[in-house]
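Please read the structure below before turning to the comments.
The values are calculated or read from the model by the stated rules, or taken from the named source; none is laboratory data. Please read all numbers here as calculations on a predicted model, not as lab measurements. So basically every Cβ, Gly included, is an ideal-geometry build from the backbone, and we count neighbours across all protein chains shown. Note: accessible area is taken over every heavy atom of the protein model, side chains too, but ligands, DNA and RNA are not part of it. Shrake-Rupley method; radii C 1.70, N 1.55, O 1.52, S 1.80 Å.
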Amino acid sequence: MAARGGAHRIAWLIPCLALSLSCTRIPTAPPVAITIEGRITGPTGAPIAGASVHFYPRSDALSPEFADFTHTDSMGQYTAHILTGIYEIRVAPGIDGLLEHAERVTFTRLSRRYDYRFGGHLVRGSIRDPLGNTLDSGHVSASLKYGLYQTAGTRFHGGEYSLLLPSGTYVLRGASLERYSGLPVTETGAFSIRSDTTIHIDLGGHLVEGTVFDPDGAPMNDVLIEAYARTRFLSARTMADGRYRLWVHPDTYWFEFAPDDRNFSYIAPRVVGPLQVTAPRTLDQSLAGLEWTGTVSWRSTGAPVADVFVGVWSDTRPGSSRAATVRTDPQGAFRFVVQPELTYSLATLYDGAASVRLDGLVSRTDTTFSILLDQAPWP
């Protein structure tokens with residue numbers, strides 16, 4: 001009976017001991033330095049040269065500072081020096097049409113290799129403008145709607161794009177490659193991709209159109225129009241008849257009208273907004289305004305100073321500091337046409353002279369400035 005009682009007590013202790021061990025924190029080995037290698041290939045098995053391979057630590061024992069990256073060579077091969085642990089690997093192929101790959105991988109002394117072969121379903125289609133015309137060129141990107149953030153993008157010419165996407169649910173975005181197209185970046189709904197498919201992207205929006213007039217009332221060519229919302233931006237330029245077109249998604253916008261920003265202009269940009277756009281509308285704009293003129297002279301002699309840069313700008317729209325800039329003529333004279341009821345800054349820049357800056361200038365009347373320059377205090 002004693003022997004059986006002892007055996008019973010030992011049998012009772014076994015699960016308790018197991019429970020105790022399961023609750024005891026067993027120390028893990030500290031990370032050690034290892035060299036890993038791998039190969040990145042395309043859908044046909046051909047090597048992808050120049051692909052970037054990023055390693056982001058995801059173990060508690062690894063600090064974010066141990067993140068690292070490398071690139072594949074001409075044979076698609078790479079090596080990297082990291083510490084053992086769990087990493088999020090992100091492979092960017094560096095070529096159009098393939099989805100950036102991301103997954104979590106554990107590297108140990110015995111597991112030092114990571115290969116990846118890109119593949120997926122062929123997704124193709126076109127981008128169409130609001131009039132139904134197919135764009136000859138554009139940019140399309142696709143991003144996974146769920147899971148680790150991964151994207152694929154391609155620029156295309158010839159009217160059709162193509163992407164190679166693994167099975168998943170994606171959001172596609174399309175845009176024109178023309179800088180001043182007036183067309184919005186457009187996002188599709190979520191598409192479940194499980195086989196080769198065709199998806200056309202329509203760059204729709206409400207039409208905002210109008211005519212821009214110069215200070216003398218004539219239609220003005222090559223005026224830059226930019227429309228800004230919280231997360232949206234698009235631009236267009238006026239044609240020879242002063243007309244422009246923008247297609248915008250419903251939102252609240254600031255509109256800026258600026259003469260050709262590639263050259264100097266005496267006309268200060270006009271800012272209109274904020275305007276809520278929920279339907280098509282006409283927005284004409286005159287660049288007439290108040291006349292701000294003046295002269296720049298040396299304080300010491302009173303002689304006029306030619307070729308001085310003079311600029312005016314207003315920070316009416318947050319983040320905007322568009323300026324009108326001119327050079328003084330041989331008589332030291334300058335001229336601006338500014339928008340009424342705005343607060344401007346005016347400044348000069350001239351080699352060998354100290355700059356002059358005037359802030360808080362409210363445009364309520366035509367104004368004449370007499371600016372005196374001093375020699376710079378440095379040689």
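Given the criteria surrounded by fewer than 17 Cβ atoms within 10 Å (Cβ to Cβ) and either under 30 Å from A61 (Cβ atoms) or at pLDDT 95 or above (or both), does Y161 qualify?
Answer is no for this residue.
Restricting attention to the stretch 215-227, which residues are in contact with a Gly (Cβ under 9 Å, 6 or more places away or on another chain) and open to solvent by 10 Å² or more (accessible area, probe 1.4 Å)?
P215, A218, P219, M220, N221, listed by residue number.
Within the stretch 338-367, track down each residue that is assigned to a strand (DSSP E or B), surrounded by fewer than 18 Cβ atoms within 10 Å (Cβ to Cβ) and in contact (Cβ under 8 Å) with a residue 60 or more places away in the chain.
T367
Go through the stretch 51-79 residue by residue and tally those that are of a type outside the set (V, I, T), open to solvent by less than 40 Å² (accessible area, probe 1.4 Å) and either within 25 Å of G120 (Cβ to Cβ) or touching a Lys or Arg at 6+ places or on another chain (Cβ under 9 Å) (or both).
Adding up the residues that qualify gives 5.
Quick check on my filter: what residues within the stretch 268-282 are surrounded by 19 or more Cβ atoms within 10 Å (Cβ to Cβ) and modelled with pLDDT of 95 or more?
Selection gives V277 alone.
Looking only at the stretch 181-214, how many residues end up being among the β-branched types (V, I, T), open to solvent by less than 70 Å² (accessible area, probe 1.4 Å) and part of a loop (DSSP other than H, G, I, E, B)?
1
Could you tell me which residue of the stretch 107-131 is nearest to G97 (Cα to Cα), considering only residues that are in a strand (DSSP E or B) and basic (K, R)?
Only one residue fits best here, namely R124.
Looking at R128, R109, which is the one that is of a type outside the set (S, T, Y), open to solvent by 40 Å² or more (accessible area, probe 1.4 Å) and over 30 Å from W247 (Cα atoms)?
From the options R128, R109, the qualifying one is R109.
Could you tell me which of the residues Y149, Y87 is part of a loop (DSSP other than H, G, I, E, B), under 25 Å from I36 (Cβ atoms) and of a type outside the set (D, E)?
Checking each option against the conditions leaves just Y149.
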